[in-house]
Amino acid sequence: MKMNIWKELTRPFLVLAPMEGVTDVVFREVICAAGRPDLLFTEFTNVSSYASEKGRANALERLEVREGEQPIIAQIWGKNPGHFAECAGALEKLGFAGVDINFGCPDKNVNKAGGGAAMIKTPELAVECLKNAMGSTRLPVSVKTRLGWSDVAEFREWLPVLLREKPSALTIHLRTKKEMSKVPAHYELIPEIIRMRDKISPDTKLVINGDIRNKAHAMELYRANTGVDGLMIGRGVFANPYCFTDYAPTKEDLMKLLNLHLDLYEKQRKKVAKYPYEPLKHFYKIYINNFSGASELRAKLMETHSVEEARAVLAEVAV
Ligand SMILES: Cc1cc2nc3c(=O)[nH]c(=O)nc-3n(C[C@H](O)[C@H](O)[C@H](O)COP(=O)(O)O)c2cc1C
């Protein structure tokens with residue numbers, strides 16, 4: 001019997017959220033260097049890309065796992081049940097500890113394609129996709145979703161649909177798709193969701209997500225809701241890449257981490273056909289923040305067009 005990673009984790013465990021364009025193999029290594037979460041997630045990969053001849057190479061690039069990253073979960077999305085089976089079936093060999101299905105993404109294009117949060121409106125199809133994934137891999141299969149599409153109360157129908165399939169874990173971003181990230185996460189619903197899980201599928205691990213800033217905040221939420229198993233942090237890494245620890249980084253720590261990020265970016269650029277520089281600039285504000293001259297330095301870095309130029313700017317100010 002294949003080990004189920006969700007059962008191996010000690011509660012409460014901390015999870016790095018899947019974030020498209022952010023949590024790729026490079027940034028995951030940066031976060032692990034700062035302070036490793038108990039579990040990592042990839043960005044999401046489209047199952048139909050994986051299943052197509054044209055999209056396979058790109059899907060495999062997104063599904064790169066490095067040694068030292070385990071345990072890591074591959075997140076997938078789509079709406080074609082056959083493609084869920086095909087993609088989920090390939091993930092064990094690629095080095096993943098589990099498969100997670102995204103039924104929560106609010107992106108317009110993803111929803112137009114019938115995937116992500118749009119699945120909340122097609123629960124029968126969602127269940128078929130979930131069953132297909134479960135039936136085609138020995139890996140544990142989990143789901144990440146939102147409370148509903150437009151109304152918070154939808155969770156009372158939607159979450160039982162998922163729990164009846166007995167996924168290994170259920171991560172809930174405590175907002176509806178309509179709420180995007182514009183209102184505070186509905187922490188007040190956690191006790192009811194715990195009771196629901198306990199009643200319908202007590203073996204499913206419950207992971208809570210939304211606005212959790214750091215480890216201390218996660219522990220505070222856990223102490224108030226000890227039926228929760230895990231806590232997932234996404235945007236908290238932008239405010240503090242050390243957020244999975246209790247450590248308060250110094251300016252020197254952050255500059256060292258930035259240099260590591262630049263090194264890893266350069267290595268990846270040599271390896272991968274398309275690895276543009278521009279998106280890297282979004283990360284600079286993580287490291288260059290909260291010190292005198294930080295905003296001027298950031299402005300200079302935003303004008304750069306390559307890592308070489310960025311390094312020259314950094315050398316000039318000798319931070
Ligand atoms: C830039 C960005 C990309 C995201 N990409 C994904 C994704 O690929 N899959 C997913 O399930 N959620 C994705 N999310 C949602 C996060 O995983 C998380 O649910 C959300 O940010 C709320 O958690 P937080 O308040 O800790 O950030 C993304 C969020 C952001 C900000």
Practice problem: Show which lysines lie in cross-link reach of K112 when reach means a straight Cα distance below 16 angstrom and same-chain residues fewer than eight apart are skipped. | Solution: K79, K121, K177, K178
Quiz item: Going by alpha carbons, how many degrees (0 to 90, nearest 10) lie between the helix axis of 307-317 and the longest principal axis of the chain?
Solution: 50 degrees
Quiz item: From the cross-link list K144/K182; K108/K251; K182/K270; K274/K300; K7/K199; K7/K285, which pairs have alpha carbons spaced over 29 Å apart?
Solution: K108/K251; K182/K270; K7/K285
Self-check item: Cα gyration tensor, the range 5-239 - rounded (a/c under 1.5), prolate or oblate
Solution: rounded
Quiz prompt | Shape of the range 169-222, Cα gyration tensor, a/c cut at 1.5 | solution = oblate
Self-check item: Pair A299, E278: separation of 7 Å Cα→Cβ label points (nm)
Solution: 2.2 nm
Quiz item: Using Cα atoms only, what is the angle between the long axis of helix 25-34 and the major principal axis of the chain, expressed in degrees (0 to 90) to the nearest 10?
Solution: 80 degrees
Practice problem: Would you mind pulling out the separation of the Cα centroids of the range 2-17 and the range 126-142, in Å? | Solution: 18 Å
Quiz prompt | Spatially proximal aspartates and glutamates relative to K205 (Cα-Cα < 18 Å; intrachain offsets below 8 disregarded) | solution = E8, D38, D100, E165, E192, D229
Self-check item: DSSP-assigned coil residues among GluC sites (Glu not before Pro) in the range 47-136, each with at most 15 further Cβ atoms within 10 Å
Solution: E53, E67
Quiz item: Going by alpha carbons, how many degrees (0 to 90, nearest 10) lie between the helix axis of 251-271 and the longest principal axis of the chain?
Solution: 70 degrees
Quiz item: Build a GNM of the chain with springs between Cα atoms under 10 Å: which of Y284, Y275, Y222 gets the top mean-square fluctuation?
Solution: Y275
Practice problem: Just tell me the longest site-free run in the chain, where the sites are trypsin sites (Lys or Arg not before Pro) in a DSSP loop having at most 12 other beta-carbon atoms within 10 Å. | Solution: 183-273
Practice problem: Would you mind calculating the relative contact order of the range 207-273 from Cα pairs under 8 angstrom and at least 6 residues apart, reporting the percent as a whole number? | Solution: 32 percent
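Read-outs: derived from the displayed coordinates by stated rules, not from any lab. Since the model is a prediction, treat every value here as computed from it, not as a measurement. Positions of Cβ are backbone-derived with ideal geometry, glycine not excepted, and every protein chain shown enters the neighbour counts.
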